[in-house]
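Undergrad: Sharing a structure with you now.
Read-outs throughout are calculated quantities, based only on the coordinates presented, and are distinct from any laboratory measurement. Just so you know, these numbers come straight off a predicted model, no measurement behind them. Cβ sites come from the backbone with ideal geometry, for glycine too, and all protein chains shown count toward neighbours.
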């Protein structure tokens with residue numbers, strides 16, 4: 001019997017930002033504020049799972065501008 005190994009695709013910050021239609025600096029700010037997608041840090045390298053990016057983008061969908069949360 002042969003085992004099938006499934007690997008999650010991971011992207012570095014620049015590629016993750018591009019994947020989501022954003023910029024590297026915006027993703028760096030997201031990490032500082034805790035507003036962005038979950039990530040892992042391996043040594044000095046920050047990586048994002050594609051599945052986490054998809055889930056994060058999905059959570060940002062709205063139908064109307066009235067759905068946005070307004071902060072004081």
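Undergrad: Take residue 21 and tell me if it is in a loop (DSSP other than H, G, I, E, B) and surrounded by fewer than 11 Cβ atoms within 10 Å (Cβ to Cβ).
TA: Spelling it out, residue 21 is indeed in a loop (DSSP other than H, G, I, E, B) and surrounded by fewer than 11 Cβ atoms within 10 Å (Cβ to Cβ).
Undergrad: Moving on to the next point. Can you tell me how many residues in region 26-50 are surrounded by 11 or more Cβ atoms within 10 Å (Cβ to Cβ) and either assigned to a helix (DSSP H, G or I) or in contact (Cβ under 8 Å) with a residue 40 or more places away in the chain (or both)?
TA: Of the residues in that region, 8 qualify.
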